[in-house]
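Worksheet: the structure to be examined is printed underneath.
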Amino acid sequence: MSVRVLGLDPGWTTGWFLASGYTAVTWGSGRDPATALAGIEPVDVVVFEDAMDLEKVAPLRPLFPVPWVGITPQQLQRRLFNRVLGRHQSQGPLARRELIRRGFGCTVTDPHALDAAMVALWYVAGVAAAKAPDLGRLAVWDVLVIDAGDGEETYQVVPPNTADPTAGLISWDSPLVWALKNARPGDRVTVPAPGGDWECILVRVDGA
C-alpha cells in the first residue's frame, strides 16, 4: 500500500496536495485550511515547508495525529531540482509544473497548491529511493555519462515513476542501469535490448 502524503505550503493562503505514492488524490488552497482539510483522510504523514509562517502550522496539527516532517527550500533544491530536473534547471513556475507533471502526472496551476505538491513529491521521491534495489556501484540520482560510439550521452538514474528516457531520466530497472551497475569508468558493457544488444563505454559517474 502506498504511503499517503499530505504536502502543505503554510502561509496567509495555505496550499495543500494529497498524494498516494505517485498518484495525485486532491489539492487546493485557501485562507481557511482548517475547514478544508478537516475532511481529508486517511493521511500517513504531513510534510510542510518550514522556512516561514510556522504559526500557520500549529492550528492544523490536531487535524492529523501522524508524523509531521518539516523541510527547507535547500532540501527541495537538492532532491528535486538538482536531481530530477538537472543541476542547471531554473526553479521558476514552469520548472515546478514540469516536475509535478513528471512526478504525479497532473498539472497544478494554483501556485500555493503547486508549492504543496513540491513538498509532497520531495517526500515521495525519498521513500521511492529507499526502496531501490541493489545497484552495485551505482546509486539512485547518479548521473551516468556513456559513449556508445556516437559521442557522449548523459543519463540519470531515477525511480521508475519519474523515468523519462527522452529527457535523460532512466529507471533503476532499465537494462542500461543493470548493465552498468558494477562497471568502472572505462569499462565496456553489453546492454540487452529487444532490437538487438548494443555496447557502450562508461565514461564517468557523477554522484548527486
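The values are calculated or read from the model by the stated rules, or taken from the named source; none is laboratory data. Please read all numbers here as calculations on a predicted model, not as lab measurements. A quick note on method: Cβ atoms are made from the backbone with ideal geometry, for glycine too, and the neighbour counts reach across all protein chains shown. Surface accessibility is based on the protein's heavy atoms, side chains included, excluding ligands, DNA and RNA. Shrake-Rupley method; radii C 1.70, N 1.55, O 1.52, S 1.80 Å.
Structural remarks
- Of all residues in segment 41-82, those satisfying the criterion of being modelled with pLDDT under 90 and assigned to a loop (DSSP other than H, G, I, E, B) are E41, D50, A51, M52, D53, V57, T72.
- Residue that is least open to solvent (accessible area, probe 1.4 Å) [pool: residues in segment 38-50 that are without any contact (Cβ under 8 Å) to a residue 40 or more places away in the chain and touching a Ser or Thr at 6+ places or on another chain (Cβ under 9 Å)]: I40
- For segment 12-22, a residue qualifies if it is surrounded by fewer than 18 Cβ atoms within 10 Å (Cβ to Cβ) and modelled with pLDDT of 90 or more, and the qualifying residues are T13, S20.
- Lone qualifier among W27, W12 - being of a type outside the set (V, I, T) and in contact with a helix residue (DSSP H, G or I) (Cβ under 7 Å, 6 or more places away or on another chain): W27
- Where strands (runs of 3 or more DSSP E) fall entirely within segment 94-208, those with at least 3 residues that are in contact with a Cys (Cβ under 9 Å, 6 or more places away or on another chain) and surrounded by fewer than 21 Cβ atoms within 10 Å (Cβ to Cβ) are at 188-191.
- The lone criterion from (1) buried (at least 21 other Cβ atoms within 10 Å of the Cβ); (2) at pLDDT below 95; (3) closer than 18 Å to P65 by Cβ left unmet by D9 is number (3).
- The set of residues from segment 26-37 being open to solvent by 70 Å² or more (accessible area, probe 1.4 Å) and either at pLDDT below 95 or over 19 Å from D110 (Cα atoms) (or both) comprises R31, D32, T35.
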